1. Kindly express, to the nearest 10 degrees and within the range 0 to 90, the angle between helix 90-107's C-alpha long axis and the longest C-alpha principal axis of the chain.
2. Using 0.36 nm per residue, how much length does the chain from residue 87 to residue 63 gain when fully extended, once their Cα-Cα distance is taken away?
3. Give me the extension gain from residue 24 to residue 140: residue separation times 0.36 nm, minus the current Cα-Cα distance, reported in nm with one decimal.
4. Pulled fully out, how much extra length does the chain show between residue 9 and residue 149, if you take 0.36 nm times their separation in residues and subtract their Cα-Cα distance?
5. State, as an integer percentage, the relative contact order of the chain based on alpha-carbon contacts under 8 Å between residues 6 or more apart.
6. Could you point to the label whose value was computed as volume of the Cα convex hull per residue in Å³ for the structure here, given (i) 210; (ii) 125; (iii) 168?
7. Does anyone have the angle between helix 70-84 and the longest principal axis of the chain? Alpha-carbon axes, 0 to 90°, nearest 10?
8. Sort the following peptides by mean Cβ neighbour count (other Cβ atoms within 10 Å, averaged over residues), highest first: 17-29, 89-101.
């Protein structure tokens, strides 16, 4: 057999193997991108209302999903350290959360396609939802006041009973 025959045999044998390896690599890459996009979408969805369990789950997945993205993990670490402070500053949290979303967007290739100062920093929040939050806050404050009132009344009743008992023992 000649050299070109050997080359043809090697090509025939290796072509399917190379094709499978390339397909596996592309599939893995696409799956990683899908996971990153899902995290990005969840953070964009919850940027106006971040106090949900889905938001927490999304943040907790960052180290795994973005294991190959040191900038994203550094931005997440900055936000995490801000959340961990006893007296966390809301402005600082908002700033670091925005930076995290922006860093993820850059990692996904959206850095020059969206005006981040307009989009990330200004989420849509309908007026009816803001009003609902205000009503919820009023109800919660009313409940706190009621609990405090009951607590004080109970303490006063106990004091009065003790005073009457002390007077009866004299």
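Values in this text are rule-based calculations from the coordinates and carry no lab data. These numbers come from a predicted model, not from an experiment. Here the Cβ positions follow ideal geometry from the backbone for every residue, glycine too, while neighbour counts run over all protein chains shown.
1. Computed tilt is about 10 degrees.
2. 6.2 nm
3. This chain segment gains 36.4 nm when fully extended.
4. 41.4 nm
5. Across the chain, relative contact order equals 18 percent.
6. (i)
7. It works out to around 10 degrees.
8. Top of the packing list down: 89-101, 17-29.
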